[in-house]
Amino acid sequence: MAAQPSHLHEPILFHRHARFSPARSWRATWRVYREPASWRMLALGFSAGLPLLLVLGTLSFWLREAGIDRATIGYLSWVGLVYAFKWLWAPLVDHLPLPLLTRRLGRRRSWLLLAQTLVMAGLVGMAFNDPLTSLQPVVWCALAVAFGSATQDIALDAFRIESADADRQAALAATYQTGYRLAMIWAGAGVLWIAARAQGDAPGYLHDAWQVAYCAMAASMLVGVLTVLLSREPAPHALPRARNAAEWLRGAVLAPFADFVRRYRAQALLILALIAVYRISDVVMGIMANPFYVDMGFTKDEVAAVTKVFGVIMTLAGAFLGGAMAMRWGVMRVLMLGAVLSAMSNLLFALLATRGHDLTALALVVSADNLAGGIASAAFIAYLSALTNVQYSATQYALFSSMMLLAPKWLAGFSGVFVDAHGYVDFFVATAALGLPVLLLVWAASRVPLRPRD
């Protein structure tokens, strides 16, 4: 993408006050990562990222090892559609106080604690049901985890946006994303490592091993619980008291969406289209990644070791690099870079599919994929935060992040059927091709300046 004059086309991160940020040195840019707010976002990002794979990617590995067919695994990925509809109850999270909890903890922290408790309960329920004999209870518990996780995302996005000014949003996005990716590694590689240790030398599928692993994941949510209890509530924003239900509906549900449309008018459709498809390559491909590892003959230990060692290094590098580049060069340029890298990394998986059981190739592909994902996600979170009016932070951000998942999650449900019909190579090439329209949308959206918030 050709460089454009920053004062014309490069978005400025508006938060409480719309303003231009002065250029900063690299030393000052990196120093922001040492601030307490950044460390807090690291821990809360871990809490947010932990449940996702446990109801999607890791669950697909578990189901495939238990002998569940690929088509069923693909359809069960629709559990993830819960995240795409979280905007429906986001107004409640934004406005509704919880009895006892809100008075003691505040609006954001009380909803965070409730959501984290639901996630832990759902993970324990999944642990004590064997999908081989009780698939339906596993699915219901997975839905509970997804609902709790989506609710946590709503409250946490608002907590993050309200916790710092515009200058620090990209840095908070990077540390949040780092914690998120670390949790995904723990919920992907870590859970496989625990299950492998619990299984020992027992051959074949053993439910008890997965039971131990998922109970350990439920206990890992305590990282987020303790962080919420030890954090301070962001300065509350006064909410007008509604005189009746219709007035509450207008203020809590309709006003956030009307505000976004009013600020961007016809350009709102372009922005929503970009949000809807930006991560489509990664999301669609990700559902079949773990069944792919199983079918290629990689063991739980091999997948865990490669993801933990090589994946974590490249994810950390990508998230911090993406956040720093977004702060120094602007979000849209990094969005474009992330879109290109994400599509290219899917082509590497297509190449890996032709090599069979090649541990070195797996390490290289996973490293490249995590680097690309870290860069793209850090910039994308900063972009979504910049679009959000702090008066409606929870509801508007929930709308954006829901749009991000709706089409990709729906399409991903057919991934198992596609693999059965065409094989893994064609599948990975097709998911890479899904990223081509994204490049055009990023280019077009880069010409839409962010509107100051009232």
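Before moving on, here are some points about what is shown:
- Charged neighbours of E233, selected by a Cβ distance under 11 Å, balance to +4 (K, R count +1; D, E count -1).
- Per-residue HN-Hα couplings for segment 275-288 [Karplus 6.51, -1.76, 1.60; θ = phi - 60°; Hz; x = Gly/Pro]: 4, 5, 10, 4, 9, 5, 4, 5, 5, 5, 5, x, 5, 9
- For S377, neighbours were defined as the other residues whose beta-carbon sits under 11 Å from its Cβ, and their charges (Lys and Arg +1, Asp and Glu -1) total +1.
- The convex hull defined by the C-alpha atoms of segment 314-454 has an orientation-averaged projected area of 9.6 nm².
- Counting charges near G179 (Lys, Arg +1; Asp, Glu -1) among other residues having Cβ under 12 Å from its Cβ returns a value of +3.
- Across segment 46-63, computed HN-Hα scalar couplings (Karplus, 6.51 cos²θ - 1.76 cosθ + 1.60, θ = phi - 60°) run 4, 5, 6, x, 4, x, 4, 5, 5, 10, 10, x, 5, 4, 5, 5, 4, 5 Hz from first to last residue, x flagging Gly and Pro.
- Across segment 95-181, the fraction of Cα-Cα pairs farther apart than 16 Å, rounded to a whole number, is 62%.
- Each of A121 and T360 was given a label point 7 Å from its Cα along the Cα-to-Cβ line. The distance between the two points is 5.2 nm.
- Length gained on full extension, A258 to Q391, computed as 0.36 nm times the residue gap minus the Cα-Cα distance: 46.6 nm.
- For segment 345-361, backbone phi angles converted through the Karplus equation (6.51, -1.76, 1.60; θ = phi - 60°) give residue-by-residue couplings of 5, 5, 5, 5, 5, 4, 5, 4, 5, 8, 9, x, 7, 10, 5, 5, 4 Hz, Gly and Pro being listed as x.
- Tail weight of P(r) past 21 Å, computed on alpha-carbon pairs of segment 290-379, percent: 33
- Note on segment 65-178: with neighbouring protein chains present and a 1.4 Å probe, carbon and sulfur make up 68 percent of its accessible heavy-atom surface.
- Relative counts (whole %) of C-alpha pair distances in segment 361-401, using bins that are 10 Å wide: 28, 33, 22, 14, 3
- Radius of gyration and maximum dimension Dmax of segment 305-354, Cα, Å: 13.1, 40
- Förster-model FRET efficiency, 56 Å R0, W140 and A444, C-beta, rounded to 0.05: 0.85
- Cα gyration tensor shape for segment 45-91, rounded if a/c is under 1.5, else prolate or oblate: oblate
- Database remark: amide H of S446 closer than 5 angstrom to no amide H (H placed geometrically; neighbours at sequence offset of 5 or more, or on other chains; Pro and chain starts carry no H).
The values are calculated or read from the model by the stated rules, or taken from the named source; none is laboratory data. Quick caveat, the model's predicted, so the values are computed rather than measured. Glycine also receives a Cβ, built like all others from the backbone with ideal geometry; neighbour counts cover every protein chain displayed. When the accessible area is computed, the model is the full protein with side chains, heavy atoms only, and any ligands, DNA or RNA have been set aside. Shrake-Rupley method; radii C 1.70, N 1.55, O 1.52, S 1.80 Å.
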